[in-house]
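The values are calculated or read from the model by the stated rules, or taken from the named source; none is laboratory data. Just so you know, these numbers come straight off a predicted model, no measurement behind them. Please note: Cβ atoms are built from the backbone with ideal geometry, for glycine as well, and neighbour counts cover all protein chains shown.
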Amino acid sequence: MTLLSLAVGACAYHTNAASMPPHIKTIAIPVFENTTTEYTLDQEITNAVIRAFVADNHLRVVDERRADSVLRGKIVSYRNSVFGISPVSRAQEYRVTIGVQVTFKDQVKNREIWTDEILQSANYYVQNVPGDSATTELDGRKLAVGRIATEILTRSVESW
């Protein structure tokens, strides 16, 4: 968990705050809707996105009633599939792929700033390979979630 927090913080995109509309200073990030069967994925993604915005510090995260903007998300897909086979025909590398539909809205001017589907993935090895040790689906999932959070932050602060 600490590694993910550091990775999200280290990857956070920073822009010139002067490029943002002056009326948008806060953002609400309600819990993402989860249409998959993956338990807790909604909380994992929501928390990662909130951490990314907090680390970036351009928009203060507040509750929806007080927010100048709101970011809503829906998890629309989750897939864990074989990506690489060992020389003895065993699955050794897998790929977790997560798709989310995201809308970022200016609540002051009541307009959509951006909406898009974001698809991110991460590979992980289930057995030791040269230069990499065995990990689990959860490790791949955490990497993919971190990449989603970084992309959402980047699109939100760059779209000004």
Would you check which residues across the range 106-131 are of a type outside the set (A, V, I, L, M, F, W, C), under 16 Å from Arg95 (Cα atoms) and either in contact with a helix residue (DSSP H, G or I) (Cβ under 7 Å, 6 or more places away or on another chain) or surrounded by 16 or more Cβ atoms within 10 Å (Cβ to Cβ) (or both) and list them?
Gln120, Ser121, Asn123, Tyr124, Tyr125
Tell me which residues, restricted to the range 132-141, are more than 15 Å from Ile75 (Cβ to Cβ), surrounded by 12 or more Cβ atoms within 10 Å (Cβ to Cβ) and within 18 Å of the chain's Cα centre (by Cα).
Glu137, Asp139, Gly140
Quick one: count up the residues across the range 42-82 that are among the aromatic types (Phe, Trp, Tyr) and surrounded by fewer than 19 Cβ atoms within 10 Å (Cβ to Cβ).
1
Return the residue satisfying two criteria in turn: it lies in the range 39-59 and is over 18 Å from Thr154 (Cβ atoms) and either of a type in the set (D, E, K, R) or part of a strand (DSSP E or B) (or both), and of such residues it is nearest to the chain's Cα centre (by Cα).
Glu44
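The rows are residues; the columns are (1) under 18 Å from Lys25 (Cβ atoms); (2) touching a residue at least 12 places away in the same chain (Cβ under 8 Å).
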{"position": "Ala52", "(1), (2)": "yes, yes"}
{"position": "Ile75", "(1), (2)": "no, yes"}
{"position": "Thr97", "(1), (2)": "no, yes"}
{"position": "Phe104", "(1), (2)": "yes, yes"}
{"position": "Ile113", "(1), (2)": "yes, yes"}
{"position": "Asn128", "(1), (2)": "no, no"}
{"position": "Asp139", "(1), (2)": "no, yes"}
Could you please find all residues in the range 111-146 being assigned to a strand (DSSP E or B) and of a type in the set (D, E, K, R)?
Arg111, Glu112, Asp116, Glu117, Asp132
Among the numbered criteria (1) modelled with pLDDT of 95 or more; (2) in a strand (DSSP E or B), which one does Thr36 miss?
(2)
Sort through Val108, Val100, Val157 and tell me the only one that's modelled with pLDDT under 95 and either hydrophobic (A, V, I, L, M, F, W, C) or part of a strand (DSSP E or B) (or both).
Val157
Working only within the range 110-160, note down all residues that are of a type in the set (Asp, Glu) and touching a Phe, Trp or Tyr at 6+ places or on another chain (Cβ under 8 Å).
Glu112, Asp132, Glu137, Asp139, Glu158
